[in-house]
Each structure stands twice: as C-alpha cells, then as structure tokens.
Amino acid sequence: MTDNHEASLALDRRAGWPAEMRRLLDKYPRPWTDRPDLGQLSRFWLGRHDMFRELNTAMLQASQALKAGTVPPEAFRTWFQPRIRFFLGELHGHHMIEDQHYFPVLMRIEADLARGFTVLEADHEAIHEGLATLQSASNDLLNALAGPPDRRRFAADAMSERLDGFLKSLVRHLDDEEDLIIPILLDRGENLLG
Ligand SMILES: [Fe+2]
Ligand SMILES: [Fe+2]
C-alpha cells in the first residue's frame, strides 16, 4: 500500500470499508444466516470465522485464568497446547485458500472491489506476523509452566497480551472480509467459487 488513502485502510487503522466500497453491502446487509439464498459454502466459511473468533477468545480467557492462578498449570497445558497448535495451523491454511483461490476469482468477477482484496491480502501478511508472535509467546509459556510461579505468571501475562491484540486484528479482518465477500456471493451465487 503506497498512498495515504490505502494506508488508512491498513488493518490497525481502519474501521470498516469506506462508503464507495459498500454498495453491495448496503444491498445485502447483515445478518445473512437467516437468508434462504445464503449457500452452503458461505455458511461453512462463516462458521470457520466464528470458530476462529471463539477459539481466540477462549485461549485469551484461559491465559488470563492461568495468570490469576485459578487454573492449575498442568490442566492449562492439557487444554491449551492442542488448541493453540490447531488455531495456528488452521488459520494459516484458511488464509492460503483465500489468497490462492477465493480472492483471485472474486477480484476478477467484481473488479470495482478489487482494491478490497488487496487490503485483505495485506491483512493476511500482518496476521501472519502476528501468528509467529503467538507461536513464540506460546513456546515461552509452555516452557514456563513447570518453572517458578513468577515466571509462569509473567509468561501468562505476555500470552494474554498477545492474544488480546491478535483478537482485535483478527476480528477486524474477519468482519471486513465477510462484509466484502458475502454480498458478492449473494449477488452472483457462490458457484463461481467452484
Ligand atoms: Fe482472510
Ligand atoms: Fe477468512
């Protein structure tokens, strides 16, 4: 993103899409799930997004509970370790499908909104960096679980902070991605994604 206008659409700066990009969204406003014309692929994809939001929130709450001392370290490990691994892997795979398959098709079909997909691709790069940060905070925390309580609390605090910041970026991205894509699929039919 080069000019100021594009910079204002960066993940940590924007609050939704500008008016000129909301034409289809105004025609097909939320909520969508009660609409009979919302297809199976759209429902599955929205469900994945909800899962990412919920899992990020649950991991944040668990890290806060560990920091507060209301969950034993070993119980935390058993719960947290498989979930963070699943979260990091699934989100990475989800972005690959969007970058390589969904975005190129949708960009071609709805050329007026192509700019939005450039913004979403830049989001993925920012989120990718966030995933690396989560991974290292998670390694630190899992290593600290068997250590002294102070070190454990410190690592749980760092993990909570990372998960909190990540959740804010992720929710912004998912909301805007849905606002861009679901109206296109309702307007054109989701068969275009194959
Ligand atoms: Fe995405
Ligand atoms: Fe997505």
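Under the rule a/c < 1.5 gives rounded, and otherwise a/b versus b/c splits prolate from oblate, where does the stretch 36-183 land using the Cα gyration tensor?
prolate
Per residue, how much accessible area does the chain have with a 1.4 Å probe, in Å²?
That works out to 52 Å² per residue.
Once you sort the root eigenvalues of the Cα gyration tensor of the stretch 94-167 as a ≥ b ≥ c, which label holds: rounded (a/c under 1.5), prolate (a/b larger than b/c) or oblate (the other case)?
Prolate, because a/c is 1.5 or more and a/b exceeds b/c.
Would you tally the net charge around D176, using a Cβ to Cβ cut-off of less than 10 Å, leaving D176 out, and scoring K and R as +1, D and E as -1?
Residues near D176 contribute -3 overall.
For V105, V171, give me the order by solvent-accessible area with a 1.4 Å probe, most accessible first, ignoring ligands, DNA and RNA.
V171, V105
Would you calculate, for the chain, the mean residue ellipticity at 222 nm contributed by helices, counting each DSSP H stretch of 4 or more residues as -39,500 (n - 2.57) and dividing by all residues, to the nearest 500?
Counting only the DSSP helices, I get -25000 deg cm²/dmol.
Give the carbon-plus-sulfur fraction of the accessible surface of the chain in %, rounded to a whole number; probe 1.4 Å, heavy atoms of protein chains only.
Accessible surface attributable to carbon and sulfur in the chain totals 52 percent.
Hey, rough spin-label estimate for A15 and L131, points 7 angstrom out along Cα→Cβ, what's it come to in nanometres?
Taking the simple label geometry, A15 and L131 are separated by 3.0 nm.
The values are calculated or read from the model by the stated rules, or taken from the named source; none is laboratory data. What you see is a predicted model, and the numbers here were worked out from it, not measured in a lab. Positions of Cβ are generated from backbone atoms using ideal geometry, with glycine treated the same way; all protein chains shown enter the neighbour counts. To get the accessible areas, we keep the full protein, side chains included, count just its heavy atoms, and leave off ligands, DNA and RNA. Shrake-Rupley method; radii C 1.70, N 1.55, O 1.52, S 1.80 Å.
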